[in-house]
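Report on the following structure.
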Amino acid sequence: MTATLIAGTTVRAVVPASSANLGPGFDTLGLALGLYDEITVTAVPSGLSVRVDGEGAGEVPWGPSHLVVRAIERGLEAAGVWANGLDVHCHNRIPHSRGLGSSASAAVGGLAAANALVTAVDPSLALAPETLVQLASEFEGHPDNASASVLGGAVVSWSREVGPPEGPRHFAAVRLDVHPDLGATVLIPGEKSSTAHTRGLLPDLVPHRDAAFTASRSALAVVALTSRPDLLPLATEDRIHQPYRAEALPTTTRWVRTLRAHGHAATVSGAGPTVLVLGTDSIASDLRAQAEDDGMTVLDLEIAGAVDSALVTA
C-alpha cells in the first residue's frame with residue numbers, strides 16, 4: 001500500500017560539495033567539502049513548482065527534468081510514498097561544471113529531501129545511507145562524488161556488475177575518518193569543464209608501470225588522509241588520468257604544477273577545472289594572491305560531514 005505525503009509537510013536538505021579522484025584514486029576516492037547547496041521541499045495539493053537561485057540559476061531546467069526533482073521522485077518511489085504535488089526551492093552555492101560534484105550533490109540533496117519526507121510519513125520507510133549511495137550513483141554511473149556527499153569525510157567507493165555486462169550495477173562506499181588537522185583549499189577558475197569531454201581524452205590502455213605507480217599512490221592516499229597527512233604530496237601523485245587531461249586544462253595544470261613545486265598536495269578536482277589542495281596548512285598568501293590575479297576564486301574549506309535533512313513543518 002502506497003503512503004501519501006500530507007500537504008504542508010516541509011523538509012530541508014543541506015548537501016556538501018565533493019571532490020573526486022584526489023589524484024590517483026580515479027573513480028574511487030572522494031572527499032566531502034564544506035560548500036553547501038540547500039534544498040527546501042514542501043508537499044502541496046497538486047502540481048510542481050521549482051525555484052532555483054544562486055549558482056546555475058539561469059542554466060538548469062526548472063521543471064520535471066530538473067535533477068533535484070528527478071532525485072526526489074526517485075527517492076519517494078524507492079520508499080513507496082506518493083506526492084500529489086511538490087514545491088521545490090534550490091539555493092545553490094556549489095559552482096556548476098567546475099569539478100566540485102554539483103550534479104552529484106543535486107542528486108544526493110534531492111534524495112535526502114525525499115528521505116526526510118518519507119520519514120515524516122513513516123519512519124520505518126526511511127532509506128538507509130547505503131541505499132542513498134546506490135540511488136545517487138545511478139544518476140551518474142559512478143559513486144565517488146555521490147558517496148562523499150552522502151557519507152561525508154573521505155570515501156573509498158566501488159561498483160560491481162549484478163547481471164550481464166553493461167547491465168545494472170551495485171554501487172557502494174565506505175567512509176574514512178580523515179585526520180582532524182586536514183583541510184582543503186580550492187582554486188576555482190572562471191571557465192567551465194565538461195566531464196564527458198575530459199573523460200574522452202583518456203586512453204583505453206595505460207602502461208603497466210603507470211598503473212602500478214598509481215595503484216601504490218592510491219593505497220598510500222588512504223593512509224595519508226586518515227593518519228599521515230605529511231604523506232599527501234606523495235600520495236596524490238597520479239599517472240593515469242591527469243597527464244592526459246593536461247592539455248585541455250592549461251590553467252589548472254599550470255597551477256597544479258606550481259603548487260606542487262611549493263610542496264603542496266595539489267590535484268585536479270574531479271574532471272576539473274578546479275584545483276584541490278589538501279594539507280594541514282593553507283597555501284601562502286603570495287600564492288593565493290597570484291591565483292586570484294590569475295582569475296581564480298580561492299576558498300579554504302573544511303572537510304564536510306554527511307548530507308543533513310530534517311522536517312521543518314508538518
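Structure notes:
- Look at the alpha carbon pairs under 8 Å that are at least 6 residues apart: their mean separation over the length of the chain gives a relative contact order of 26 percent.
- A quarter of the convex hull surface defined by the alpha-carbon atoms of the chain gives 16.5 nm² as the mean projection.
- Principal axis extents of the Cα atoms in region 139-193, from largest to smallest and rounded to whole angstrom, are 42, 32, 14.
- Rel. contact order, % - alpha carbon contacts under 8 angstrom, at least six apart, region 92-153: 35
- Mean separation of Cα contacts under 8 Å (6+ apart) over length of region 178-314, as relative contact order %: 39
- Exposure of Phe171 as accessible area (Å², to 10), given a probe of 1.4 Å and all protein chains: 10
- In range of the label at Arg288: residues from region 26-45 whose backbone nitrogen is under 18 Å from the point 7 Å along Cα→Cβ: 34-35
- Rh by Kirkwood over Cα pairs, then Stokes-Einstein D for region 13-162 at 1.306 mPa s and 10 °C, µm²/s: 104
- Stokes-Einstein diffusion of region 119-239 at 37 °C, 0.692 mPa s viscosity, Kirkwood radius from Cα pairs, rounded to a whole number: 192 µm²/s.
- Taking 0.36 nm per residue of separation and subtracting the Cα-Cα distance, full extension of the segment from Asp87 to His208 would add 38.3 nm.
- log₁₀ of I(q)/I(0) at q = 0.08, 0.12, 0.13, 0.19 Å⁻¹ - region 158-314, Debye sum with one point per alpha carbon: -0.29, -0.64, -0.74, -1.33
- Gaussian network model of the chain, Cα within-10 Å springs - most flexible of Ala136, Ala116, Ala215: Ala215
- Here the chain exposes an accessible surface that is 53 percent carbon and sulfur, computed with a 1.4 Å probe and the other protein chains kept in place.
- Helices meeting the span-like rule in the chain (full DSSP H runs, Cα extent of at least 24 Å along the helix axis, mean Kyte-Doolittle score of 0.5 or higher): 102-121, 208-226.
- By the Cα gyration tensor, region 1-50 has an equivalent ellipsoid whose semi-axes, rounded to whole angstrom, run 35, 14, 9 from largest to smallest.
- Summed over the residues of region 183-314 and divided among them, the accessible surface reaches 48 Å² per residue at a probe radius of 1.4 Å.
- Hydrodynamic radius of region 88-158 per Kirkwood, over alpha carbon pairs, in Å: 12.7
- Taking the chain as a Gaussian network of alpha-carbon nodes connected by springs under 10 Å, the highest mean-square fluctuation of the residues Arg70, Arg169, Arg93 belongs to Arg169.
- Additional length obtainable on full extension of the chain from Ala3 to Lys192, 0.36 nm per residue less Cα span: 63.8 nm
- Globularity index of region 32-120, i.e. its alpha-carbon radius of gyration over 2.2 N^0.38 Å: 1.03
- A 1.4 Å probe run over the protein chains yields, for region 1-112, 35 Å² of accessible area per residue, whole-number rounding.
The values are calculated or read from the model by the stated rules, or taken from the named source; none is laboratory data. Please read all numbers here as calculations on a predicted model, not as lab measurements. Positions of Cβ are backbone-derived with ideal geometry, glycine not excepted, and every protein chain shown enters the neighbour counts. Calculation scope for accessible area: heavy atoms of the full protein, side chains included, ligands and nucleic acids excluded. Shrake-Rupley method; radii C 1.70, N 1.55, O 1.52, S 1.80 Å.
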